[in-house]
Structure formats: C-alpha cells, structure tokens
1. Inspect region 62-77 for any residue being more than 27 Å from MET175 (Cβ to Cβ), modelled with pLDDT of 95 or more, in a loop (DSSP other than H, G, I, E, B) and touching a Leu at 6+ places or on another chain (Cβ under 7 Å) and give the result as yes or no.
2. Considering only region 87-108, I want to know if a residue exists there that is under 27 Å from ILE16 (Cβ atoms), loosely packed, with under 15 Cβ neighbours inside 10 Å and hydrophobic (A, V, I, L, M, F, W, C).
3. Of PHE126, PHE146, which residue is closer than 30 Å to TYR66 by Cβ, at pLDDT below 90 and of a type in the set (Phe, Trp, Tyr)?
Amino acid sequence: MRRPLKGMLIMSSSVITKSALCDALKKLCDQKPFDKISISDITKECGLNRQSFYYHFQDKYELLSYIYFNELFINITKGVNYDNWYERLEGFLENMQKDKRFYSNTLKSNEKIFESYLFKSMHQLFMRFFYHAVAITRKRSEKAKFFADFYSHGFCGIIIDWATCGMKESPHNVMLKMKELAFENVNIGEGFRQNL
C-alpha cells in the first residue's frame, strides 16, 4: 500500500509545481512581453528555484507549450462532428479570450508553438470532414489532404490575427464568418465553374 501512495504523492507534487510555474508565467505576461521574461523571473514569481523549473521544463518555451496544450488543445477535436464544430470552436475562442492578455502577449512574441498545435488540430478535424465529403475516387485521400491543408492554414491565420490584434471581435462573430464561408463554398465553386 505504501508504494502506490508514495508514487501518488510524487505525481501530485509534480502537478502542483507545474501549476505554480504556469500561474507565474501567466501573471508575468500581464506585466511585460513574453520575450522579456526570464526563467529567474518565473521562479522568483512563484517562490521556486531554477532547479525545480529545469526538473519539469527544458525552457520557457516548453512551459508555454505545456500551457497551450493543457488549457486549450488537449480535447479540441474530441467529439467534434458536423453538427457541433461551430460551437466547439467558438468555445475554444472563448477560452482564449478569458486569458486575453496572456494569449495576445505570447502570440505576438512567438506564434509558432501555438500555430503548430492549432494547425495539427484543425488539420485532423478537416481531414475527417473532407475525407467523407469529397467524391469517391481513388485520389480521395489526396484531395482531402489538400483541402484540409488549405482550410487549416486559413483558419489558423484568422485565429492568430484575431488574437494578436487584441481579440476585438467576439468569438461568436468570428465563428459566424467562418461558418458562412463553409456554407458559401458551394456557391463559390459554382461561380468558378460558370466562369471557366
């Protein structure tokens, strides 16, 4: 009985330490740009030493990645389908807006970590949709991948621009535009066909 309990205590301590480091970074991002924040700043803010930081994270970018993944991306595509994708992505933007200063700050300093997670998530979602939507041909998977690439880059760009520009527009309005684009694709495609 003692060994599992000991292991559980170590895991619990690790989670508490990671949480303290996450909270410290988020608090510091309210005060100055992410680029200007050092490991010393983070550990001083939460009362830990540098050794504790490096035991859990390689650098501040890995800490940032941990926050992004656990607060936004861990379940982003879980249970998403044609009927609820709009609401789920709107909820994603609402979660970002709750920590507006943190996400705006970190994306202005380094958008690559966020973009990588977001692109992967969007691509997974669009691959699922387009694979079933495109015509059944032997090149179906190649078509689906191209369409997923195109839409994923577009959605990533819109969301990152929205965040770095201060999230002035409501998540609901952003998603209304994305939804409208998705529904207008049939008309756009028909327009291209008529003018070729």
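The values are calculated or read from the model by the stated rules, or taken from the named source; none is laboratory data. Predicted model only: the values in this text are computed from it and were never measured. All Cβ positions, glycine included, derive from the backbone under ideal geometry; neighbour counts span all protein chains shown.
1. The initial filter retains those residues of region 62-77 that are more than 27 Å from MET175 (Cβ to Cβ), namely 62-63.
Filter again for modelled with pLDDT of 95 or more, leaving 62-63.
Narrowing the set further to residues that are in a loop (DSSP other than H, G, I, E, B) leaves none.
No, region 62-77 contains no residue that is more than 27 Å from MET175 (Cβ to Cβ), modelled with pLDDT of 95 or more, in a loop (DSSP other than H, G, I, E, B) and touching a Leu at 6+ places or on another chain (Cβ under 7 Å).
2. no
3. Numbers: PHE146 fails: closer than 30 Å to TYR66 by Cβ.
Only one candidate qualifies: PHE126.
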